[in-house]
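Reviewing the structure listed below.
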Amino acid sequence: MNEIEPGSAAPLIPEVTDGMSESFARLYGEPLFQLPTDLYIPPDALEIFLEAFEGPLDLLLYLIRKQNFNVLDIPMAEVTQQYLGYIEQIRHRNLELAAEYLLMAAMLIEIKSRMLLPMKKADSDEEVEDPRAELVRRLLEYERMKLAAQELDKMPVLGRDFYKANGHVDTTAVVTWPEINTLDLQAAWMDVLHRAKLNQHHTITREQLSVRDFMTRILRRLQGERFVEFTDLFADAIASGKGAPVVVVNFIAMLELSRESLIEITQAEPYAPIYVRLSYTPN
């Protein structure tokens, strides 16, 4: 089926003025001078066309821009005739839709009528306001808003151009602790003991060791013995496990006995064993 732009059916569709008065429509961009014999226009074709516009200003702006009219110098006669032609096509099919455009049609007729009247000169030197001025202002403002809306519509929109991604993360995973062997536990325990020893408090106390007491022990040890080897006198001090202080005091006690001539320390020859004996005969 041939495609034809709205406003192409004669005589109901108003004539399109594009500089060629003989053509009454355009088919695929080319002027159409004769209506095809097999052309079929659906009854609701113009209804769909009008619903494509956002309102009366949108339709009026379309008619002006489609024919390259200067929006600042609108040929009101031609534009009003075409606008009324579109309204007439739809009026008897969809009165509710056509009612939205009737107010603009009345405004166009009013402006056309005012332009036919002779201009009255103003009392001052100011120029008389053009009847089309208010309409031009509304058209320019609407066109700016429409272009801005088209630019906004080019921006990506959630749900139309892209979608929000949703993901689920399972946070109920079972925590597995690392296993430990006996050697690791033993090493940790030894480290704790080592640190405890380093941090312990050292208390130094003075042990009461009596030289006189050790002198008495040596004298008792020598009684009944003719000679006692020097090292044997320290056997008890070493065996007590009290360490060097006891051995030292035992040695001092022996020297003190020798100084008081209570014992004799003898050696038969160099490097020979040293012996100790009493210097007196006990009762």
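The values are calculated or read from the model by the stated rules, or taken from the named source; none is laboratory data. Only a predicted model underlies this, so the values are computations on that prediction, with no experimental measurement involved. Positions of Cβ are generated from backbone atoms using ideal geometry, with glycine treated the same way; all protein chains shown enter the neighbour counts.
With the checklist (1) assigned to a helix (DSSP H, G or I); (2) loosely packed, with under 14 Cβ neighbours inside 10 Å in hand, flag the one item F251 doesn't pass. Unmet for F251, out of (1) assigned to a helix (DSSP H, G or I); (2) loosely packed, with under 14 Cβ neighbours inside 10 Å: (2). The residues of the stretch 162-219 that are more than 30 Å from E256 (Cα to Cα) and among the acidic types (D, E), listed by number, are D170, E179, D184, D191.
Take the stretch 220-259 and flag every residue that is more than 16 Å from R277 (Cβ to Cβ) and of a type in the set (D, E). Matches in the stretch 220-259: D236, E256.
Being under 30 Å from E54 (Cβ atoms) and surrounded by 10 or more Cβ atoms within 10 Å (Cβ to Cβ) is the filter here, so list the residues in the stretch 149-202 that pass it. A149, V157 - these are the residues of the stretch 149-202 that are under 30 Å from E54 (Cβ atoms) and surrounded by 10 or more Cβ atoms within 10 Å (Cβ to Cβ). Mind checking whether some residue in the stretch 37-48 is at pLDDT 80 or above and either outside the structural domain of I109 (by TED's automatic domain parsing) or not acidic (D, E) (or both)? No, every residue in the stretch 37-48 fails to be at pLDDT 80 or above and either outside the structural domain of I109 (by TED's automatic domain parsing) or not acidic (D, E) (or both). Filter the stretch 254-283 down to the residues that are assigned to a loop (DSSP other than H, G, I, E, B) and under 17 Å from T216 (Cβ atoms) and list them by number. Passing the criteria: E260, S261, L262, S279, Y280, P282, N283. In the set L135, L158, L147, L95, only one residue is modelled with pLDDT under 80 and not hydroxyl-bearing (S, T, Y); that residue is L95.
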